[in-house]
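Just so it is clear, none of the values below were taken in a lab; they were calculated from the coordinates. Everything quoted here is computed from the prediction, not taken from an experiment. Reconstructed Cβ throughout: ideal geometry from the backbone, glycine too, with neighbour counts over all protein chains shown.
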Amino acid sequence: MQDAEDEPLFAERVAGLDIAKAGVDVAIRVPGDSNPGRRQQETRAFGTTRRELLALADWLRCWGVTKVGMEATGDYWKPVFFLLESQGLGCDLYNAAQVKALPDRPKTDRADSIWLARITERGMISSSFVPPSRSAGSARTPATGVTSPRPAPPRSSGSKSCWRTGT
């Protein structure tokens, strides 16, 4: 019998997130402590409030997670993606149609998070483009990425109007 090499991993420490309106199921996959070449995984559930998402980011950092993969379903991914990204974690967003097209997709949320972690560690799907988040009070210039205050709208002098009233 010969030793066979396992599939190469694109990331050693990853997390997969299955995001719903009221909660996030998370699975992390990291190198095993006892057996070289083996992987450990742990799953947890978090809520979607800012406090709980910050706790999620802390938990991922404690495990040394460097890449987080999640599926784009509805708009539920946006606050999770942008908060984790702002906390310094590398986030990959996967097109739901591409994820569903892969064979052996599980049916439960917990198993789905494990599946997304495996997709992330193996680089099975390319990440979708996510435009940078804009805060309400700033405008980002595309060329430099520099954020500057938005200009105030022009004010009328009060005596003259720019619009004709039809008289």
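What is the gain in length, in nm to one decimal, between residue 63 and residue 20 on full extension, counting 0.36 nm per residue of separation less the C-alpha to C-alpha distance?
Residue separation times 0.36 nm, minus the Cα-Cα distance, leaves 13.2 nm.
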Extension gain from residue 107 to residue 85, taking 0.36 nm per residue of separation minus the Cα-Cα distance: 5.2 nm
Phi-based couplings in Hz for the range 119-124 (Karplus 6.51, -1.76, 1.60; Gly and Pro marked x): 4, 5, 5, 9, x, 6
Proximal lysine pairs, the range 14-129, alpha carbons under 20 Å, eight or more residues apart or interchain: 5
Local net charge near residue 110, Cβ-Cβ under 9 Å (Lys/Arg +1, Asp/Glu -1): -4
